[in-house]
Amino acid sequence: MPTRKKQTKKARKLRRNSNQPAKQRQLTPGEWFEKLVAVQARLRAPKGCPWDREQTHESLRTYLIEEAYEVLEALESRDDAKFAEEMGDLLLQIVFHSQIAREEGRFTVAEVIREIHDKMIRRHPHVFGELRAKDSAEVLRNWEQIKAQERRADEQRENSKGGGGVPKQASLLDGVSRALPATLEGFQLTRKASRIGFDWEDASAVFEKMQEETEELKGAWKDRDHLRMEEELGDLLFAAVNLSRFLKIDPEIALKRANAKFTRRFRAMEGLARKSGGEFKDLPRGQIEALWDAAKKLEGKQRALEMHAATTKQ
């Protein structure tokens, strides 16, 4: 264990190497959060930033989604500094929306924090209450039951206000947002249905379903029936999402990684074409396919080198 003298010496070295004053680094997370809230309030103030003052909940929607995906990209990069930075950008979106809501007299960021704080305690009775859960599956079942109880309570409150409309019938699928990307929406819908036993027996049955849907899509394609092709392609994609759930793979992340892989290989092909003195867009199909194979082999060699370097470090 380091001695006090060594710890002090290390602390002095860190202070010398840091551009931040020592006092700032000693602030608590809560104090930093209050400073961030104050910064955003200042930007929205009458003499603040014109761009920030123009924003609305609607205009910020795209940024909220973009920042969430940038967090995922940083996570996969294994760059801790980038990961922390992108999570900060995502946190700013929450603060930004909360500031707009406060100005409109709707709610404050304190209420946002209180809501999630209370929800986490309420939905973990096996930690904060008397209930016991033997495994994660039981935790998830309890979680869904508590959510259902909360929805019923919310509906009763709405009905008691006397809106005059027809009460909405509760469903086990309630809570899945239609605003989600289609793959995530399908993933959550089937996951909820599976928790009450509406599911395939195993992954092999889903593979068979995908083959069936592929044949039906081929039939629609041969008939040149565009509407049917769209429907059958949707069924095939839905089956693929189900397969991802059985394989315990997030379909959105899997597709994003496939997109990234295609982008890497395509850029590598363009680079190889430039090295040979040709324009990629002017190459015949045969040469393009050869470049694709070369890009795949090049990527495989780079991956092998990276794995070897990682093993050597260990």
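Points to keep in mind about this one:
- Rel. contact order, % - alpha carbon contacts under 8 angstrom, at least six apart, the chain: 8
- Contact order normalised by residue count of the range 85-222, Cα under 8 Å, 6+ apart, percent: 9
- Neighbour-limited loop hits for GluC sites (Glu not before Pro), the range 86-192 (at most 14 other Cβ within 10 Å; DSSP other than H, G, I, E, B): GLU104, GLU130
- Taking the charge dipole of the chain about its Cα centre, with +1 at Lys and Arg Cβ atoms and -1 at Asp and Glu Cβ atoms, the residue from VAL139, LEU90, LEU36 reaching farthest to the positive side is LEU36.
- Volume per residue that the Cα convex hull of the chain spans, once the total is divided by residue count, Å³: 312
- Between the C-alpha center of the range 23-54 and that of the range 182-238 there is a gap of 47 Å.
- Accessible surface of the chain [probe 1.4 Å, protein heavy atoms]: carbon and sulfur percent: 56
- Over the range 206-269, the fraction of Cα-Cα pairs per 10 Å bin, rounded to whole percents and listed from the shortest bin up, is 22, 34, 32, 12.
- Rolling a 1.4 Å probe over the heavy atoms of the protein chains gives the chain an accessible area of 76 Å² per residue.
- Two-decimal log10 I(q)/I(0) for the range 170-213, as the Debye equation yields it once each C-alpha is a single scatterer, q = 0.14, 0.24, 0.26, 0.30 Å⁻¹: -0.40, -0.91, -0.97, -1.04
- Mean ellipticity per residue at 222 nm, deg cm²/dmol - from DSSP H runs of n ≥ 4 across the chain, formula -39500 (n - 2.57): -24500 deg cm²/dmol
The values are calculated or read from the model by the stated rules, or taken from the named source; none is laboratory data. Values in this document were obtained by computation on a predicted structure and should not be read as measured data. Cβ sites come from the backbone with ideal geometry, for glycine too, and all protein chains shown count toward neighbours. Just so you know, the surface numbers come from the protein's heavy atoms only, side chains and all, with ligands and any DNA or RNA stripped out. Shrake-Rupley method; radii C 1.70, N 1.55, O 1.52, S 1.80 Å.
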